[in-house]
1. Just tell me how shielded A:52-60 is by partners: mean number of partner chain Cβ atoms within 10 Å of each residue's Cβ, no decimals.
2. Taking θ = phi - 60°, what integer Hz values does the Karplus form 6.51 cos²θ - 1.76 cosθ + 1.60 yield along the range A:150-165, in sequence order, with x for Gly and Pro?
3. As an exercise, find the ratio Rg/Rh for the range B:21-277 from alpha-carbon atoms, using the Kirkwood inverse-distance average for Rh.
4. Sort A:H295, B:H251 from largest to smallest accessible area, using a 1.4 Å probe on the heavy atoms of the protein chains.
5. Helix A:276-289: angle to the longest alpha-carbon principal axis of chain A, degrees 0 to 90, nearest 10?
6. How far, in nm, would the chain grow between A:L294 and A:D75 when pulled straight, counting 0.36 nm per residue and subtracting the alpha carbon separation?
7. Can you give the calculated 222 nm mean residue ellipticity of chain A, where each DSSP H run of n ≥ 4 adds -39,500 (n - 2.57) and the sum is split over every residue, rounded to the nearest 500 deg cm²/dmol?
8. Enter the Cα centre distance for the pair the range A:15-33 and the range B:223-267, rounded to the nearest angstrom.
Amino acid sequence: MNIIEAIGLKKIYSPKGTAKVHALDGLNLTVPKGTVQGLLGPNGAGKTTAVKVLTTLIQPTEGSATVAGIDVIRDPKSVRRVIGVSGQYAAVDENLTGFENLEMVGRLYHLGKAESRRRATELIEMFELTAAQNRPVKGFSGGMRRRIDLAGALVTRPEVLFLDEPTTGLDPRSRLGMWDVIKNLVSDGTTVLLTTQYLEEADQLADDIAVIDGGKVIAEGTADQLKARIGGHRIEVTLIEASDAGAAREVLGRHGEGEPRIDDDGRTLEVPVIDGPRALQYVLAELREGSIELHDAGIRRPTLDDVFLKLTGHVAEEDQKAGTEEMETAK
Amino acid sequence: MSAVTEQRVRTGDGAVTSPMAQWFSDGWIATRRNLIKIRRVPDILVFTILQPIMFVLLFSQVYAGAMAIDDYTSFLMAGIFAQTVIFGSTFSGSAMAQDLKDGIIDRFRTLPMSTSAVLIGRTNGDLMINGISMLIMMATGYIVGWRVTTSIWGFFGGVALLLLFSYAFSWVMALLGMSVRSPEVINNASFMILFPLTFISNAFVPIHTLPDVLRNIAEWNPVSALVQSARNLFGNTNPTFPPPESWTLEHPYITVLAGIILMLLIFVPLCVKKFGSVSSR
Ligand SMILES: Nc1ncnc2c1ncn2[C@@H]1O[C@H](COP(=O)(O)OP(=O)(O)OP(=O)(O)O)[C@@H](O)[C@H]1O
Ligand SMILES: [Mg+2]
């Protein structure tokens, strides 16, 4: 069963005096129960807009969506009972303390006073905010504020969790902690939809990744499937002397598929290959014969970064041709 | 983040289940948040306590001599009460704008709470602020010679009317706050609205001293009816300057109640509708 389903979502913003913005342009998305769906895309791709539609914050211009089988447009209040949300920007009351913020959220979920307080204490501990829990959020650092907001999304241990860039602004330790929290929730059956700029995060957490650009999904699959789409291994060597680059380039060219690429530093060369280990052996042997000294050498697998750049870079060009709509005020 | 063993979230005992109880609970939680804010934000306390004292003292001591009215202080107090509580209502405007800016509205809008609760909590906050201001002003007024000469019922009636009017006006400001979305703009804009609204009225001067055009506006200004009602109820009318013979001021109670009801009927639904679609960024 798909716990999140979006069909043909469109959202058109018409800010006064400027061109219309197609924040969502026919977005389709299905997320099976108990999985983690990653939304990946460059700035302005429409990730936040998609999350806002699914969490009942805004109405789409066109299209429909259900969460846990409930229509988000027709019955937003029932949707709100089963979801937890942490938006891109921390939504906290600056004048309340960390504890008061979480207690308030519990009370507004109608958990009752005792249960709300118990849960607030538990979350404060879980997010390591015990020392700061009785200070107004106004004085919190960005990362602490963020953690209070994330805790707010977990107050009821919701069936479906929406996290818009959950680890942006967190230090590495807190980020790993957040990943653990998410993994635990998922093992308990929670479904998570998360957007992220960190491909490693999508790689680590997401069962399925949808790459979004221009308001629609341009590629979808597991991290491995997406990586496979842009080809196999590459060989990368880093020279000690930049003056050897010409000779090294010839060697790599002989064993690779296509033109070797030289980095800006002039010492790092890279080429796609079919059989990584075998090609590397030949390349290393020939470089040694030519007395070219190496700082580093290895086989590189494509990362999601490569996928991301290739997919979205390509689409961005197309977009420019298609152009934004004419000025609304021009007519 | 530490590995705390989580207990199941219990929704059983203590959970609020009936819709009516949920509505009251939501309203109370949203109100409490604003009460905490009053306590913690010094600006609000200054406005609530010091400004009313200053107004009462300045007007009664500085203008009393210049005004050709006997016992100007008694005449004046209802006007100052009205102006102060109406200004107090602008907190709802700037606070709604600030909440949108801070993003907390997005949190509320993803919770299964009643749509009107945040607004009810906010306008209740204004009511609290205005209640405190009224107490301070009445105490200061007493020191400079203001007296209620009617009855305890007149006294409570006057206070209730002033607070009710300001409560209804809070909803007007809340809508403005959600539409304009900038606390700074709201603060500046409200002065542009509130100064004419309170000064082109009988709050500080007898209406017949105004030029014709302004006098007509003043007669129909609901603030005039509010001030006139309060003066009548407190027994602060000045025999030398009876209210002008306009229907609105001869029937100030009906006029001001109609104004209050109209404001609530129009702006409560508009606010709730607006709240249902606003989002922070
Ligand atoms: N309220 C709004 N009014 C006008 N345009 C908007 C509004 N909200 C979003 N947009 C536009 O819609 C597009 C998608 O925005 P969105 O915030 O969904 O992007 P995003 O993928 O979340 O980007 P980011 O990675 O920067 O968070 C952008 O071009 C943005 O400028
Ligand atoms: Mg975003």
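The values are calculated or read from the model by the stated rules, or taken from the named source; none is laboratory data. The shown structure was predicted, so the numbers you read here are calculated from the model rather than taken from an experiment. No Cβ is skipped: glycine too gets one built from the backbone with ideal geometry, and neighbour counts run over all protein chains shown. These accessible areas exclude ligands, DNA and RNA; they are computed on the full protein's heavy atoms, side chains included. Shrake-Rupley method; radii C 1.70, N 1.55, O 1.52, S 1.80 Å.
1. Details: counts 6, 0, 0, 4, 4, 8, 4, 2, 0.
Across the residues of A:52-60, the mean count of other-chain Cβ atoms within 10 Å is 3.
2. 5, 4, x, 6, 9, 3, 9, 6, x, 5, 10, 10, 10, 10, 9, 6
3. Checking Rg against Rh, the ratio lands at 0.99.
4. Working: A:H295 130, B:H251 65 Å².
Per-residue accessible area, sorted high to low, gives A:H295, B:H251.
5. That helix lies at roughly 40 degrees to the long axis.
6. On the way: separation 219, 0.36 × 219 = 78.84 nm, distance 6.36 nm.
Contour length minus the Cα-Cα distance gives 72.5 nm.
7. The per-residue figure over chain A is -11500 deg cm²/dmol.
8. Cα centroid of the range A:15-33 versus Cα centroid of the range B:223-267: 52 Å apart.
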